[in-house]
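First up is the structure itself, then whatever we jot down about it.
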Amino acid sequence: MTRIKDIITHLESIAPLSYQESYDNSGLLVGSQNDPVNGILITLDVTEDVVEEAINLKTNLIISHHPIIFKGLKSITGKNYVERTVLKAIQNNIAIYAIHTNLDNIINGVNYKIASLIGLQNLEILLPKGDTLVKLVTYAPNKSADKVRQGLFEAGAGNIGNYSECAFTSEGIGQFTPNDRANPTIGNNNKAEKVDEVRIEVIVPKHDSRKVIQKLNAVHPYEEVAYYILPISNANQEVGSGMIGELEEEISTLDFLKQVKSIMKAGCVRHTKLVKDKIKKVAVCGGSGSFLLSQAKRQGADVFITADFKYHEFFDAEDNIVIADIGHYESEQFTKELIHELLSEKFTTFALNLSNTVTNPISYL
């Protein structure tokens with residue numbers, strides 16, 4: 001029997017909650033993680049209509065991109081759409097899980113989906129995220145070094161970009177004296193011992209550090225394992241905001257914007273002056289991306305596709321880049337398909353439904 005916690009574990013192994021932005025509220029918002037799952041409804045937003053759709057489909061878990069609970073609720077009396085939606089979900093025993101900026105920030109997440117749809121290649125994170133990596137340093141006797149390294153790799157350590165099983169090893173002499181209560185693998189109680197050892201250093205995703213340490217203790221031959229973890233300032237090239245890539249061939253700016261409008265099913269494209277004749281390098285960010293404009297310019301993007309630019313922010317293009325605002329809903333609407341893809345790889349015993357409710361609050365004449 002699949003429970004809600006099994007769905008959560010799978011999604012957060014792909015997009016850990018630690019990757020969400022500080023202002024965000026991703027995770028299980030309504031319901032118990034111990035409830036069995038009899039069906040899932042996938043949506044961009046949660047509204048009363050979406051909850052009604054889940055009721056009609058007899059599904060008891062809604063997975064959304066945007067969190068319905070973003071600010072703290074002091075009451076749930078139904079005085080606004082957020083409270084009414086939450087109340088309706090609770091009354092009908094429907095759980096709500098949100099996977100928001102943590103899904104935005106992974107390399108194969110929301111921005112990858114957008115980039116793939118518009119035909120970009122050679123993709124990279126536009127603004128890599130810091131404070132997501134640590135360095136683990138440990139020591140092992142020479143004859144056990146391979147086993148220890150392999151255990152660390154299996155637990156998720158040693159991955160750097162397109163390279164795996166990355167480690168640095170140096171040789172040295174380890175010294176210790178076991179006391180009366182020790183059960184040493186090497187040496188004798190109350191006698192100083194010197195051992196030929198190696199120092200092993202690996203990069204570890206911060207959210208995986210506990211798992212990696214558990215594996216280290218499991219594969220290491222010593223009763224007491226010496227290790228320490230260092231914070232590092234390296235930006236994680238696999239995690240961060242936005243994405244940048246290139247079209248296979250240059251295309252006229254106007255033709256490109258028309259293609260984007262069609263592919264992304266945008267009601268309109270608000271854009272700055274077409275200061276570029278041709279488009280080759282493209283930056284994208286699903287949702288509100290104006291904070292990435294300077295980074296897109298710095299990396300030489302010809303156009304920046306995103307949403308929610310304010311009037312005065314368009315001036316910041318300064319004739320160096322074309323800003324193309326396609327709308328918040330429009331830029332993220334295909335996130336439903338992305339979530340479906342992530343779940344269908346793992347779960348096949350219950351229905352995964354894409355919501356048919358259009359939650360876009362904006363209409364166009």
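Reported count of residues in the range 177-203, each being under 24 Å from Gln150 (Cβ atoms) and not β-branched (Val, Ile, Thr), is 5. Scanning the range 50-75 for residues that are open to solvent by 20 Å² or more (accessible area, probe 1.4 Å) and either at pLDDT below 95 or assigned to a strand (DSSP E or B) (or both) yields a total of 6.
Looking only at residues of the range 212-228 that are in contact (Cβ under 8 Å) with a residue 24 or more places away in the chain and part of a helix (DSSP H, G or I), we find that the one that is nearest to Leu17 (Cα to Cα) is Val212. For the range 120-141, the tally of residues that are more than 17 Å from Leu338 (Cβ to Cβ), modelled with pLDDT of 95 or more, open to solvent by 40 Å² or more (accessible area, probe 1.4 Å) and not basic (Lys, Arg) stands at 5.
Of all residues in the range 275-316, those that are in a strand (DSSP E or B) and not hydroxyl-bearing (Ser, Thr, Tyr) total 14.
The residue list Ile326, Ile339 contains one member that is within 21 Å of Thr272 (Cβ to Cβ) and either polar (S, T, N, Q) or modelled with pLDDT of 95 or more (or both), which is Ile326.
Restricting attention to the range 161-197, the residues being open to solvent by 100 Å² or more (accessible area, probe 1.4 Å) and touching a residue at least 24 places away in the same chain (Cβ under 8 Å) number 4. Taken together, the residues in the range 309-362 that are of a type in the set (D, E, K, R), open to solvent by 80 Å² or more (accessible area, probe 1.4 Å) and touching a residue at least 24 places away in the same chain (Cβ under 8 Å) amount to 2.
So is Ser209 in contact (Cβ under 8 Å) with a residue 40 or more places away in the chain and touching a His at 6+ places or on another chain (Cβ under 8 Å) or not? No: the conditions fail for Ser209. Here the range 144-160 is the region considered, the condition is being open to solvent by 100 Å² or more (accessible area, probe 1.4 Å) and farther than 17 Å from Glu224 by Cα, and the residue that is farthest from the chain's Cα centre (by Cα) is Asp146. Hey, any hits in the range 15-30 for a residue that's under 18 Å from Ala351 (Cα atoms), of a type outside the set (Gly, Ala, Ser) and open to solvent by less than 70 Å² (accessible area, probe 1.4 Å)? The answer is no; no qualifying residue exists. Checking Glu201, Glu197, Glu193, Glu223 one by one, the residue that is among the acidic types (Asp, Glu) and out of contact with any strand residue (DSSP E or B) (no Cβ under 7 Å at 6 or more places or on another chain) is Glu223 and no other. Residues of the range 255-287 that are exposed (fewer than 14 other Cβ atoms within 10 Å of the Cβ) and within 18 Å of Asn360 (Cβ to Cβ): Ser262, Lys265, Cys268. Being open to solvent by less than 40 Å² (accessible area, probe 1.4 Å) and either over 16 Å from Asn159 (Cα atoms) or not aliphatic (A, V, I, L, M) (or both) is a property that holds for Ile114.
Looking at the range 227-249, can you tell me whether even one residue there is of a type in the set (D, E, K, R), within 23 Å of the chain's Cα centre (by Cα) and open to solvent by less than 80 Å² (accessible area, probe 1.4 Å)? Yes.
For the range 321-365, the set of residues classified as assigned to a loop (DSSP other than H, G, I, E, B) and acidic (Asp, Glu) consists of Glu345 only. Of all residues in the range 306-321, none satisfies the criterion of being under 16 Å from Gly245 (Cβ atoms), out of contact with any helix residue (DSSP H, G or I) (no Cβ under 6 Å at 6 or more places or on another chain) and aliphatic (A, V, I, L, M). Of the residues making up the range 252-274, at least one is at pLDDT 95 or above, in contact with a Phe, Trp or Tyr (Cβ under 8 Å, 6 or more places away or on another chain), part of a strand (DSSP E or B) and closer than 30 Å to Gln20 by Cβ.
Against the conditions (1) open to solvent by less than 50 Å² (accessible area, probe 1.4 Å); (2) in a helix (DSSP H, G or I); (3) free of Cβ contacts under 8 Å to residues at least 24 places away in the same chain, Gly78 satisfies every one except (2).
The values are calculated or read from the model by the stated rules, or taken from the named source; none is laboratory data. Everything numeric in this text was worked out from a predicted model, so none of it was measured. Using ideal geometry, Cβ is built from the backbone for each residue, glycine included, and neighbour counts are taken over all protein chains shown. What goes into the accessible areas is simple: the full protein's heavy atoms, side chains included, and nothing from ligands, DNA or RNA. Shrake-Rupley method; radii C 1.70, N 1.55, O 1.52, S 1.80 Å.
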